[in-house]
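The values are calculated or read from the model by the stated rules, or taken from the named source; none is laboratory data. Nothing here was measured: the structure is a model prediction, and the numbers come from that model. Glycine gets a Cβ as well: all are built from the backbone with ideal geometry, and neighbour counts include every protein chain shown. Note: areas computed on protein heavy atoms with side chains; ligands, DNA, RNA excluded. Shrake-Rupley method; radii C 1.70, N 1.55, O 1.52, S 1.80 Å.
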Amino acid sequence: MSTTLQPDPSVIGGVPEAPLAFLPDPVSLFQARARRFSFLAESSNLSPYLKLLAQISSLQARLSVTLPPVAPVTVERRKEAAAAAMPPINRMALVADPQLQATLSAFCDEASQFEMPAEAREALLAVQEADDDARRWLLSNVLSDTIPQDSAAPHLFASAAVQIHMARLAATLDAGALVPIRTGVCPSCGGLPVSSSVMGTQGIENVRYASCSCCATQWNEVRVKCLSCGSTKGLSYRSVETHEATVKAETCAECNSWVKIFYQVKNASLDPVADDVGSVGLDMLMKESGKRRHGLNPFLVGY
Ligand SMILES: [Zn+2]
Ligand SMILES: [Zn+2]
């Protein structure tokens with residue numbers, strides 16, 4: 001913790017304002033996610049899959065420490081981006097980035113030691129053996145939030161590697177210098193939300209933050225607002241449990257889409273990614289409604 005003599009910009013007129021964004025701390029983020037996946041695996045019929053995701057998250061935490069440091073986004077780029085209300089991380093420029101390529105290779109090599117179903121192993125091998133063009137195809141799909149439904153498994157591994165690189169890159173930014181882009185868009189990288197959370201942390205209690213599916217930045221969003229089209233009208237909430245639900249689908253009648261909203265204020269251990277997979281029952285319920293899932297989770301694309 002550093003002390004400063006500057007007035008706190010988050011306190012305006014004595015009323016504390018929720019910060020626009022929180023940047024990820026990659027190691028603690030992925031470690032907590034691994035623990036959460038392990039916990040959820042204890043009482044789920046998706047147990048083998050959740051255990052694999054726990055191992056993947058642990059590996060993400062480990063590689064966040066052991067890989068060489070990422071080259072931070074330059075100050076000029078950050079300034080230009082802020083002036084143009086653009087995210088400072090240009091994801092499409094990363095498709096051929098050598099550091100991201102190295103992260104993908106390191107991730108796949110280590111992940112090949114995990115126990116996994118034959119289909120997943122085959123997909124992992126395909127990523128390891130992919131030529132430059134195929135790797136660029138995978139990475140550009142992940143970095144543009146367009147993972148093809150029929151190719152979920154190889155994209156899962158590519159996404160996990162991208163998440164490591166992006167969380168480390170986002171961690172080099174200055175949260176205070178980020179500017180809002182528009183509703184439902186990550187101010188660090190322009191990514192889509194995986195889900196959103198009503199926070200329980202002191203100081204931001206009951207404030208809602210969306211979590212980036214790509215770089216894990218969390219950014220402030222109004223409590224009742226569609227993260228797809230920005231409408232504040234025609235929203236309703238559905239859940240599997242009728243009492244004390246800690247996850248609901250925020251459903252928009254304007255654009256016919258929905259995003260999960262987690263109530264960390266009721267359970268502090270909820271993780272925006274792990275609990276999204278853990279609450280796949282809600283996805284099943286929503287599938288019957290015919291509405292489109294807007295939250296992007298590369299670990300759920302095959303479901
Ligand atoms: Zn992001
Ligand atoms: Zn909408």
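Averaging sequence separations of C-alpha pairs under 8 Å and six or more residues apart, then dividing by the length of the chain, give the relative contact order as a whole percent. Walk me through the numbers before you get to the answer.
Numbers: 523 pairs, mean separation 59.2, N = 303.
After rounding, I find 20 percent.
Go through Lys51/Lys287; Lys233/Lys291; Lys225/Lys248; Lys260/Lys287; Lys51/Lys291; Lys225/Lys260 and tell me which ones have a Cα-Cα distance over 21 Å in this structure. Numbers along the way, then the final one.
Values: Lys51/Lys287 25 Å; Lys233/Lys291 17 Å; Lys225/Lys248 14 Å; Lys260/Lys287 13 Å; Lys51/Lys291 29 Å; Lys225/Lys260 12 Å.
Correct reply: Lys51/Lys287; Lys51/Lys291.
Put a dot 7 Å past each Cα toward the Cβ at Ser28 and Glu115; how far apart are the dots in nm?
Placing both labels 7 Å beyond Cα along the Cβ direction yields 3.3 nm.
With charges only on Cβ, +1 for K and R and -1 for D and E, what is the dipole size of the range 54-102 about its Cα centre, in debye, rounded to 20?
On the way: 5 positive and 3 negative charges, 19 e Å.
Charge dipole of the range 54-102: 100 debye, to the nearest 20.
Compute the label zone of Gln99 within the range 150-181: residues whose backbone N is under 11 Å from the point 7 Å along Cα-to-Cβ.
Residues 165-173 fall inside that zone.
Using the crude model of +1 on Lys and Arg Cβ and -1 on Asp and Glu Cβ, and no other charge, please compute the dipole size for the chain relative to its Cα centre, in debye to 20.
Values: 26 positive and 30 negative charges, 140 e Å.
Rounded to the nearest 20 debye, it is 680 debye.
Considering only Gly184, Met284, Ala161, whose Cα is most displaced toward the positive end of the charge dipole of the chain, charges sitting on Cβ of Lys, Arg (+1) and Asp, Glu (-1)?
Gly184
Using a probe radius of 1.4 Å on heavy atoms only, what accessible surface per residue do you get for the chain? Whole Å² is fine.
Details: 14490 Å² over 303 residues.
Roughly 48 Å² per residue, with all protein chains present.
Report the gain in length on full extension from Arg35 to Glu122: 0.36 nm times residue separation, minus Cα-Cα distance, nm rounded to one decimal.
Working: separation 87, 0.36 × 87 = 31.32 nm, distance 2.65 nm.
The Arg35-Glu122 span can extend by a further 28.7 nm.
With springs only between Cα atoms under 10 Å, which of Cys189, Cys214, Cys229 fluctuates most in a Gaussian network model of the chain?
Cys229
Where is the GNM fluctuation largest for the chain (alpha-carbon springs, 10 angstrom cutoff): Val179, Val65, Val198?
Between Val179, Val65, Val198, it is Val65 that shows the largest mean-square fluctuation.
Using label points projected 7 Å from each Cα along Cα→Cβ, tell me how many nm separate Val222 and Thr66, to one decimal.
Distance between the two pseudo-spin positions: 4.7 nm.
For Ser43 paired with Arg182, estimate the spin-label separation in nm (one decimal), with each label point 7 Å from Cα along the Cα-to-Cβ line.
4.2
Tabulate in residue order the Karplus-calculated ³J(HN,Hα) for the range 104-118, using 6.51 cos²θ - 1.76 cosθ + 1.60 with θ = phi - 60°, rounded to whole Hz; enter x for Gly and Pro.
4, 5, 4, 4, 5, 4, 6, 5, 5, 7, 6, 6, 7, x, 3
What dipole magnitude, in Debye to the nearest 20, does the range 92-211 give about its Cα centre under +1 on Lys/Arg Cβ and -1 on Asp/Glu Cβ? Walk me through the numbers before you get to the answer.
On the way: 6 positive and 14 negative charges, 116 e Å.
Roughly 560 debye for the range 92-211.
Positive end of the charge dipole of the range 189-303 (Lys, Arg +1 and Asp, Glu -1 on Cβ, about the Cα centre): tell me which of Ala245, Asn297, Ser257 has its Cα farthest that way.
So the residue furthest toward the plus end is Ser257.
For a label point 7 Å from the Cα of Val280 along Cα→C-beta, name the residues of the range 163-207 whose backbone N is under 20 Å from it.
194-196
Using helices alone, what [θ] at 222 nm do you get for the chain, with -39,500 (n - 2.57) per DSSP H run of 4 or more residues, divided over all residues and rounded to the nearest 500?
Numbers: 9 runs with 117 residues, N = 303.
-12000 deg cm²/dmol, from helical runs alone.
Using a 1.4 Å probe on the protein heavy atoms, what percent of the accessible area of the range 219-283 belongs to carbon and sulfur?
On the way: 1290 of 2790 Å².
Percent of accessible area from carbon and sulfur atoms in the range 219-283: 46.
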